[in-house]
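A quick write-up on the structure given underneath.
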Amino acid sequence: MKSQVAIWEFFYEKRDIRDKKIHPAVFPIGLPTKCIQLFTHKGELVLDPFVGSGTTLVAAQDLDRNAVGFDLKQDYVDLSLSRLGQTRLEGDSQQLAICDDSHNIPKYFEEETISLCVTSPPYSNMLNRPRKNKSIRGDLRKNEHYDTVQQYSDDPRDLGTMKAHPYTETLGEIYKGILPLLRPKAHCVINITDLWWENKRIPIHIYTVEVMERVGYELRNIIIWDRRNLVNKAGIFGWPNNYITLGTTFEYILDFWKPPSP
Ligand SMILES: C[S@@+](CC[C@H](N)C(=O)[O-])C[C@H]1O[C@@H](n2cnc3c(N)ncnc32)[C@H](O)[C@@H]1O
């Protein structure tokens with residue numbers, strides 16, 4: 001019943017990575033855990049096309065699901081594998097991290113073998129600019145990360161280097177390749193947030209829904225991830241501190257599925 005509520009909240013646990021020098025944009029283990037519990041059974045196969053620090057693989061290991069994650073950066077693949085070594089609660093499922101461009105995912109799987117695809121892709125080129133720490137108030141804002149650029153890489157294939165429209169088109173190409181690998185009615189969950197770019201609001205969650213529907217997915221739900229419990233020192237808007245940029249306190253969890261065969 002709790003999962004019928006379309007606003008979700010997660011808390012960090014000790015195993016979560018919160019050091020931005022290790023990986024700049026990690027979601028809590030609770031997020032893929034909830035999706036895996038909702039949409040798969042033990043022993044089934046989960047895919048994360050942008051695996052980063054391997055959070056989805058850790059959740060899959062906890063829940064005894066097989067899982068494969070892809071990342072462009074070897075350092076992140078190594079990090080993912082090291083996190084898996086730390087825990088094995090039960091079961092004999094396997095989790096794997098592969099260093100490759102997610103365009104190449106169709107080379108690795110047979111059709112209709114994946115039960116869930118869940119990920120948090122780069123949020124367009126959001127990290128490709130000096131960090132302003134707008135969700136942190138007062139003196140703490142100018143911490144060690146202030147004004148640093150924390151992009152994943154400058155590889156032109158990295159979605160984090162792309163502006164909104166080439167970004168969503170590329171996301172569409174990647175997901176078009178993944179669709180035949182999913183079982184009918186398999187869910188495909190994308191955690192994403194909108195951006196500010198040159199003082200304009202860029203609703204990439206809308207562009208993402210449009211492109212996903214164009215390449216054959218069906219939108220099932222839009223869930224709000226309420227991040228107020230995780231954002232440091234959130235307070236009132238306006239004086240005496242700078243306002244908190246709207247949108248830093250929530251993200252979208254877009255839930256699609258592969259439509260059932262006719
Ligand atoms: C938001 S992070 C994922 C974080 C992950 N959810 C976690 O908890 O660690 C997105 C990842 O996508 C990777 N990436 C970007 N473009 C890619 C591509 N074309 N193929 C594979 N990985 C890519 C980046 O290196 C980055 O680690």
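The values are calculated or read from the model by the stated rules, or taken from the named source; none is laboratory data. Since the structure is predicted, the reported quantities are computational estimates derived from the model, not experimental observations. For neighbour counting, all protein chains shown are included, and Cβ atoms are generated from backbone atoms with ideal geometry for every residue, glycine included.
Applying the selection to the range 164-179, what residues are aromatic (Phe, Trp, Tyr) and within 13 Å of residue 47 (Cα to Cα)? Passing the criteria: only 175. Identify all residues within the range 1-43 that are in a helix (DSSP H, G or I), hydrophobic (A, V, I, L, M, F, W, C) and within 11 Å of the ligand (Cβ to nearest atom); write none if there are none. If the condition is that a residue be in a helix (DSSP H, G or I), hydrophobic (A, V, I, L, M, F, W, C) and within 11 Å of the ligand (Cβ to nearest atom), then 31 is the only one that fits.
Would you mention how many residues in the range 95-110 are β-branched (Val, Ile, Thr) and over 15 Å from residue 171 (Cβ atoms)? Steps first, answer last, please.
Filtering the range 95-110 for residues β-branched (Val, Ile, Thr) gives 98, 105.
Among the residues that remain, those that are also over 15 Å from residue 171 (Cβ atoms) are: 98.
Number satisfying all stated conditions: 1.
Looking across the range 207-231, the residues that are under 19 Å from residue 7 (Cβ atoms) and of a type in the set (Val, Ile, Thr) come down to 209, 222, 223, 224, 231. Of 21, 42, 14, 34, all but one fail to be surrounded by fewer than 22 Cβ atoms within 10 Å (Cβ to Cβ), within 24 Å of residue 157 (Cβ to Cβ) and basic (Lys, Arg); the exception is 21. Residues in the range 62-88 that are polar (S, T, N, Q), within 21 Å of residue 40 (Cα to Cα) and modelled with pLDDT under 95: 87 only. Of everything in the range 47-106 that's small (Gly, Ala, Ser) and in a loop (DSSP other than H, G, I, E, B), which residue is surrounded by the fewest Cβ atoms within 10 Å (Cβ to Cβ)? By that ranking, first place goes to 91. Give the range 48-79 a look and list any residue that's among the hydrophobic types (A, V, I, L, M, F, W, C), within 18 Å of residue 26 (Cβ to Cβ) and more than 10 Å from the ligand (Cβ to nearest atom), or say none. If the condition is that a residue be among the hydrophobic types (A, V, I, L, M, F, W, C), within 18 Å of residue 26 (Cβ to Cβ) and more than 10 Å from the ligand (Cβ to nearest atom), then 60, 67 are the ones that fit.
Count of the range 181-202 residues, restricted to those that are farther than 19 Å from residue 171 by Cα and modelled with pLDDT of 90 or more, is 3.
Condition check for residue 225 on (1) within 11 Å of the ligand (Cβ to nearest atom); (2) of a type in the set (A, V, I, L, M, F, W, C); (3) part of a strand (DSSP E or B): one failure, at (1).
Could you tell me how many of the residues in the range 31-60 are under 11 Å from the mean Cα position of the chain (by Cα) and touching a residue at least 40 places away in the same chain (Cβ under 8 Å)?
Just the residues of the range 31-60 that are under 11 Å from the mean Cα position of the chain (by Cα), to begin with: 31-32, 48-56.
Remaining after also requiring touching a residue at least 40 places away in the same chain (Cβ under 8 Å): 31-32, 48-52, 54, 56.
Within the range 31-60, residues that are under 11 Å from the mean Cα position of the chain (by Cα) and touching a residue at least 40 places away in the same chain (Cβ under 8 Å) number 9.
Residues in the range 247-262 that are in a loop (DSSP other than H, G, I, E, B) and modelled with pLDDT of 55 or more: 248, 249, 258, 259, 260, 261, 262.
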